[in-house]
Structure formats: C-alpha cells, structure tokens
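> Just dropping this structure here.
The values are calculated or read from the model by the stated rules, or taken from the named source; none is laboratory data. Quick caveat, the model's predicted, so the values are computed rather than measured. For neighbour counting, all protein chains shown are included, and Cβ atoms are generated from backbone atoms with ideal geometry for every residue, glycine included.
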Amino acid sequence: MTDRDEGPAERSGIGDVTVIGIVETTMAFPMTQAFVGLDGEEDALGTLREDLPPSLFDEQGTPLMVFRSHVLRTPHSLIVVDTCWGNGKERRLDPYAHMLDTGYLTALAAAGVDPADVDYVFNTHLHQDHVGWNTRWTGDAWEPTFPNATYLFVRSEYEHWTTVPSGQYGHDSFADSVMPVVKAGRHRFVDPGFAIDDTVRIVPLTGHTPGHCGLHVTSGGQEAVFSGDLFHTAYQFPRPHWRIVSEHDPAEALATRTAFLARFAGTDVRVFPAHFNAPRGGRITRRGELYGFVLSG
C-alpha cells in the first residue's frame with residue numbers, strides 16, 4: 001500500500017445541499033492482499049477495469065482507497081459524515097495509520113468548516129478509519145473534535161463494539177474515538193430510518209459491520225446515497241461477491257450489495273462510496289447481468 005499526496009477540498013451539490021469532501025490520506029490497495037473471493041479471477045482484473053473509471057485506480061491498475069470525510073451543508077444543518085483515521089492515535093494493527101500527523105483540520109478550515117459550527121457527526125460504522133477525528137488530543141485527554149455537535153451512533157453498531165475485547169481489532173479506536181464522546185455526553189443513539197433533518201435520513205446497509213448504515217439525501221428533486229463501506233472498489237459492481245477482508249458478515253454484506261445494485265442501477269440517484277476517488281460521486285449502470293459505475297460530471 002502506498003501513500004499519495006492530496007489536493008484541495010472536493011465540492012459538489014445535491015439540490016440545496018452542498019457536499020464538501022475532506023481527504024485525509026489515499027492509498028493503493030492491491031486486490032490480492034486486501035480482498036477475498038476472487039476465486040482465480042485475478043486475470044480478469046484488466047478486462048473489468050476497461051469498463052470502469054480510470055481515476056479509481058493508480059497507474060498500475062491498483063484500486064485507490066481514499067480516506068475522507070463528507071461534509072454536508074444542508075439548509076438546516078452542518079453534518080460531518082465519517083472522520084477518517086485521526087492524528088496521534090496508536091494503531092499497531094494498522095501500521096500505515098499509526099500515529100498519523102495529517103493536515104485534516106487545516107483542510108477543514110480551508111474549506112470554510114469550523115469544528116465548533118458542526119451540528120452533527122455521523123459515523124456510517126465504527127471501524128478505525130471512520131471514527132478517528134471524532135476526538136483529538138488536548139494535552140491530557142481525548143476530547144470531541146466537534147465540541148458542539150451531536151454524534152449520532154447507530155445503536156446496534158455501538159452495542160457490537162462494546163463487546164470487542166482489548167487487543168482485538170477496533171477496541172483501541174472505540175476507546176479513544178468513541179467512548180470519550182459518550183463520556184462528554186455529546187452522543188445520541190439512533191436507529192435506521194432516523195431523519196437528521198428534512199433532507200438527510202439514515203438508511204440500513206448492514207453486513208460490513210452489524211449496524212453499518214448510509215445516508216439518503218433528497219433535495220431540489222435530486223437524490224444521493226452516501227454508502228459508507230458497502231463498496232470498497234469499483235470491481236465490486238461487476239463482481240459484488242468480492243469483498244474486503246474486514247467484512248463482518250460476508251453473506252449479509254453480499255445480499256445488501258446486490259439489493260442496492262438492483263435498486264439504483266439505471267437511475268439518476270448519485271452514489272458516494274466512502275473510499276472512491278470520485279469527488280462528485282457516480283451512478284450505477286447495468287449492461288446485461290453486469291453492473292458498472294460512471295462518475296458524475
């Protein structure tokens with residue numbers, strides 16, 4: 001996995017909702033290292049890639065994994081969706097994220113986002129790369145990065161991570177990036193279907209983790225879904241059974257992915273996968289039995 005330099009904040013819109021992408025880091029993730037289920041189809045990668053946007057891959061054809069927050073500025077709310085890895089956090093099971101020192105907060109400021117102005121933080125799930133900037137080190141403790149925000153935790157997701165013992169994947173990030181928010185009383189437990197405001201609603205996309213969810217945004221006759229980690233690479237459109245190694249329930253995740261593909265293929269609904277190099281999202285296509293993905297202009 002290799003790091004890449006980042007550019008300025010990404011901007012797009014969904015009706016009256018402004019979408020700002022804040023990229024923390026980007027890495028190339030080799031399929032044979034990070035994904036399973038290829039079942040000997042490694043030789044098909046080049047052919048599949050011919051029908052997918054080239055910007056989603058590096059020069060060698062390896063999928064790019066972008067770690068970003070999406071900031072939604074609606075007519076009523078300022079919402080941060082997922083908070084990447086965070087700085088200064090011990091991540092010994094993820095050495096490429098161990099004790100990071102990135103310009104995330106500087107990028108937020110450059111995009112006109114003051115952490116004190118954020119109304120809501122929503123984590124699509126509680127994996128380490130989606131909760132890191134929930135908190136920052138203030139000298140003697142981890143404190144909420146967005147001090148006036150309500151952090152929305154899906155109840156079933158939160159309950160799952162309370163059962164993960166020390167030393168196992170995710171315990172460290174739950175301890176330093178979730179529990180301090182709860183201790184500070186800045187959280188609210190919600191369930192799928194919860195409406196953050198009249199433009200943004202939480203939708204279930206379970207399987208990757210027990211309570212994994214996305215956001216459905218509707219405004220000005222336009223629709224979009226922020227799909228979290230339902231997809232990690234565009235190869236999963238023509239091959240939805242290919243999965244990242246960290247999938248909690250592969251069968252449930254596959255069922256969720258295939259239902260999502262069938263529902264949105266051929267529609268004008270824009271899809272914003274958390275980790276794609278697709279600043280304006282894209283749309284799902286279908287040709288015969290195969291699904292595809294095209295970038296929004």
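> Looking at the range 233-253, can you tell me whether even one residue there is assigned to a loop (DSSP other than H, G, I, E, B) and within 18 Å of Val81 (Cβ to Cβ)?
no
Residue-by-condition table, conditions (1) part of a loop (DSSP other than H, G, I, E, B); (2) buried (at least 20 other Cβ atoms within 10 Å of the Cβ); (3) touching a helix residue (DSSP H, G or I) at 6+ places or on another chain (Cβ under 6 Å):
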| position | (1), (2), (3) |
| --- | --- |
| Asp268 | yes, no, no |
| Asn277 | yes, yes, yes |
| Ile284 | no, yes, yes |
| Val294 | no, no, no |
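> In the list Asp39, Asp43, Asp51, which residue meets the criterion of being part of a loop (DSSP other than H, G, I, E, B) and more than 24 Å from the chain's Cα centre (by Cα)?
Asp39
> Among Val181, Val203, Val225, Val217, which is the only one that is assigned to a helix (DSSP H, G or I), at pLDDT 95 or above and closer than 20 Å to Leu78 by Cα?
Val181
> Might you check whether a residue that is touching a residue at least 24 places away in the same chain (Cβ under 8 Å), of a type in the set (Asp, Glu) and closer than 13 Å to Val81 by Cα occurs anywhere in the range 137-156?
No, the range 137-156 contains no residue that is touching a residue at least 24 places away in the same chain (Cβ under 8 Å), of a type in the set (Asp, Glu) and closer than 13 Å to Val81 by Cα.
Here's the yes/no breakdown for (1) surrounded by 15 or more Cβ atoms within 10 Å (Cβ to Cβ); (2) in a helix (DSSP H, G or I); (3) small (Gly, Ala, Ser); (4) in contact with a strand residue (DSSP E or B) (Cβ under 6 Å, 6 or more places away or on another chain):
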| site | (1), (2), (3), (4) |
| --- | --- |
| His70 | yes, no, no, yes |
| His76 | no, no, no, yes |
| Gly88 | no, no, yes, yes |
| Leu100 | yes, no, no, no |
| Leu152 | yes, no, no, yes |
| Glu157 | yes, yes, no, no |
| Val164 | yes, no, no, no |
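> Name the residue that is modelled with the highest pLDDT, counting only residues in the range 31-56 that are out of contact with any His (no Cβ under 9 Å at 6 or more places or on another chain) and within 18 Å of Asp229 (Cβ to Cβ).
Of everything passing the filter in the range 31-56, Leu56 is modelled with the highest pLDDT.
> Filter the range 116-142 for residues that are in a loop (DSSP other than H, G, I, E, B) and hydrophobic (A, V, I, L, M, F, W, C); which is nearest to Cys213 (Cα to Cα)?
Top of the filtered list is Leu126.
> Which one of the conditions (1) in a strand (DSSP E or B); (2) within 23 Å of Ala253 (Cα to Cα); (3) modelled with pLDDT under 95 does Ser12 fail to meet, given that it meets all the rest?
(2)
> Within the range 166-178, how many residues are in a helix (DSSP H, G or I) and either without any contact (Cβ under 8 Å) to a residue 60 or more places away in the chain or over 15 Å from Asn123 (Cβ atoms) (or both)?
Of the residues in that region, 4 qualify.
> Does the range 23-45 hold any residues that are touching a strand residue (DSSP E or B) at 6+ places or on another chain (Cβ under 9 Å) and of a type in the set (Gly, Ala, Ser), and which are they?
Matches in the range 23-45: Ala28, Ala34, Gly37.
> Name the residue that is surrounded by the fewest Cβ atoms within 10 Å (Cβ to Cβ), counting only residues in the range 190-216 that are within 15 Å of the chain's Cα centre (by Cα) and of a type in the set (A, V, I, L, M).
Ranking the candidates gives Val203 first.
> Would you mind stating whether Leu72 is at pLDDT 95 or above and touching a helix residue (DSSP H, G or I) at 6+ places or on another chain (Cβ under 7 Å)?
Values: at pLDDT 95 or above: yes; touching a helix residue (DSSP H, G or I) at 6+ places or on another chain (Cβ under 7 Å): no.
Spelling it out, it is not the case that Leu72 is at pLDDT 95 or above and touching a helix residue (DSSP H, G or I) at 6+ places or on another chain (Cβ under 7 Å).
> If only one of Val269, Val245 is closer than 15 Å to Phe29 by Cα and touching a residue at least 12 places away in the same chain (Cβ under 8 Å), which one is it?
So the residue among Val269, Val245 that is closer than 15 Å to Phe29 by Cα and touching a residue at least 12 places away in the same chain (Cβ under 8 Å) is Val245.
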